[in-house]
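The values are calculated or read from the model by the stated rules, or taken from the named source; none is laboratory data. This one's a predicted model, so the numbers in the text were calculated from it and none came from an experiment. Every residue, glycine as well, gets a Cβ built from its backbone with ideal geometry; the counts of neighbours run over all protein chains shown.
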Amino acid sequence: MAIGPHGDVFVADQENNRIQKFTADGRFLTAFGQPPQTAGYDVGAVAVAANGDVYVTDPADQHVEVWRPQ
């Protein structure tokens, strides 16, 4: 779980291979992600940079993904 620069909460949903985004008071906003290329879980952990970029560890494919807000 990570807190974004505007107070939004980002949660790594490993079972569903996605990141969920909520408001600070718990209201669901969106979810995003992609299935791994290798068998296993695509989402391990999440971190959010000061500029809003979301970093996600991908244990199945052994890399870090960067998601940039639009």
Restricting to the range 46-61, what's the tally of residues that are modelled with pLDDT of 85 or more and over 13 Å from the mean Cα position of the chain (by Cα)?
2
What pairs come up if the first residue lies in the range 40-59 and is under 21 Å from residue 7 (Cα atoms), the second is among the basic types (Lys, Arg), and their beta carbons are under 9 Å apart, counting only those six or more places apart or on different chains?
51/68; 52/68; 53/68; 54/21; 54/68
For residue 22, work out the one condition from (1) of a type in the set (Phe, Trp, Tyr); (2) more than 11 Å from the chain's Cα centre (by Cα); (3) modelled with pLDDT under 90 it doesn't fulfil.
(3)
